[in-house]
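The structure appears below as C-alpha cells.
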Amino acid sequence: NALDRIVTASVAHAYSDGRHDDLRDVFYKSVKYLSLIGGLLFVGVNTNITYLLHLIGKDYTQGIVVVYIISAGSLITMFSGSSNPLLIYTSKPWQGATMLLMLVVVTVICNMFFIPLFGINGAAMSTAISAVLFAGGKAALNYRRLGFQPYNSTTLKIIFIILFCFGVNHFLPALPSAVLNIILRSIVIGGVYLLLVYVLNLASEFHRFLPWQKE
C-alpha cells in the first residue's frame, strides 16, 4: 500500500505523457522488490508460526493452517507488484470498477461455499482465492492494454530462494524453547535469504550501500 501511494504519481505522469518505457520500468521494479520483501516475510512467518502460536497458547495452534493459506494469497498479491495504479490509470474507469465488483462477488460466493465446509480455514481459503483471482485478472488486463508482463528469470530465482529457505528450515534442529526456535530460524533463514539475494544479484541497486562494495 505504501509503495502504491508512491508509484501512483509516477504511473499517472508516465502514462499521460506516453512514456511507456518508464511505465514498464516502474512496474518491473515494483514487482521485483515487492516479491523479494514478500518472499522474506512469507518464509519468516511460516517457519516460525508454529512456535509463535505455542507461545500464545495451545488454543491458537488451530490457526496455523489459516496463516499458511492467508500468507500464500498475500504472497501472490505481492508478486503482482504495484498493479493497482496501473489498473486505475491505464484502463477505462468501468474496467477497474468491474474488477472490484467481481472481487466482491467472488469473495461472497467463496465464503458461502467454503465456510460451511471448512470453518475458519474456509474463510482463509476464500480470502486467498479472491486475492489470487484479483491479481491474475489485473495482470491479464494490464498485459492486454500495455503489452508487457514483468515475470522473467528473476521471478524464478526469487521462487527458488523461497523454496530453498524452506528446505533449510527442514534441516534445522528443534530446540526445547519456542523462543530459541524463533531466534534460530529468524537468524539462519533470514541470513540465507539475504545472502542468496546478494549472490544472485537480485538487488544490485542496493549493493553500493554495502561497506565492502565501496571504493
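The values are calculated or read from the model by the stated rules, or taken from the named source; none is laboratory data. Keep in mind that this is a model prediction, so the values were computed, not measured. Cβ coordinates were reconstructed from backbone atoms using ideal geometry, including for glycine residues, and neighbour counts include every protein chain displayed. Please note that ligands, DNA and RNA were not included when accessible areas were found on the heavy atoms of the full protein model with its side chains. Shrake-Rupley method; radii C 1.70, N 1.55, O 1.52, S 1.80 Å.
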Members of the stretch 191-212 that are over 22 Å from Val31 (Cβ atoms), in a helix (DSSP H, G or I) and open to solvent by less than 80 Å² (accessible area, probe 1.4 Å): Gly191, Val192
Subset of the stretch 143-168 (residues that are over 18 Å from the mean Cα position of the chain (by Cα), in a helix (DSSP H, G or I) and touching a residue at least 12 places away in the same chain (Cβ under 8 Å)): Arg145, Leu146, Val168
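Which residues, taken from the stretch 153-190, are among the charged types (D, E, K, R) and open to solvent by 30 Å² or more (accessible area, probe 1.4 Å)? Spell out how you get there, then give the answer.
Let us first name the residues in the stretch 153-190 that are among the charged types (D, E, K, R), namely 157, 185.
Hit for the stretch 153-190 is Lys157, nothing else.
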Residue tally, condition at pLDDT 80 or above and more than 15 Å from Arg24 (Cα to Cα), over the stretch 74-97: 6
